[in-house]
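Computed from the coordinates by the stated procedures, all read-outs in this text should not be read as laboratory data. Not measured: the values here are computed from a predicted model.
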Amino acid sequence: MGFSWSRNLKLFYRQRPLMSIMVTAGVVDILMGGWGERPSLIIFGMGVIGVGIAVRGWHRQPSSPTPPIKSSQVYLPTTGSRPQLPPLSSKKTYPNT
């Protein structure tokens, strides 16, 4: 059980880093507000988590489909249209210094 929980948590953090940061910040705010008996910090933390969930939902909405761009079809030139390169020699000559 613990292994699958940590694995799912790592997967969540890798797939949705923005939402993960917002949820973590919200949870920390809620914990700090609850410990220090600060209701405004608790409300702020819940708001941060709500905004994180809203951002996730906003990113999940399908955008309007864009029509595919028709690209022109280009054919490669024939092999005889370019001059052939001269063969390279493997022996190198260095000037005497």
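Summary of computed values
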quantity: Net lengthening on full extension, Val28/Gln84 (0.36 nm per residue, minus Cα-Cα); calculated: 13.3 nm
quantity: Kirkwood Rh and Cα Rg combined as Rg over Rh, evaluated for the stretch 17-60; calculated: 1.06
quantity: Linear extension gain, Arg60 paired with Tyr94, 0.36 nm per residue minus alpha-carbon span; calculated: 5.8 nm
quantity: Calculated from backbone phi, Karplus (6.51, -1.76, 1.60) coupling profile of the stretch 83-93 in Hz, x at Gly/Pro; calculated: x, 7, 6, x, x, 8, 8, 8, 8, 9, 10
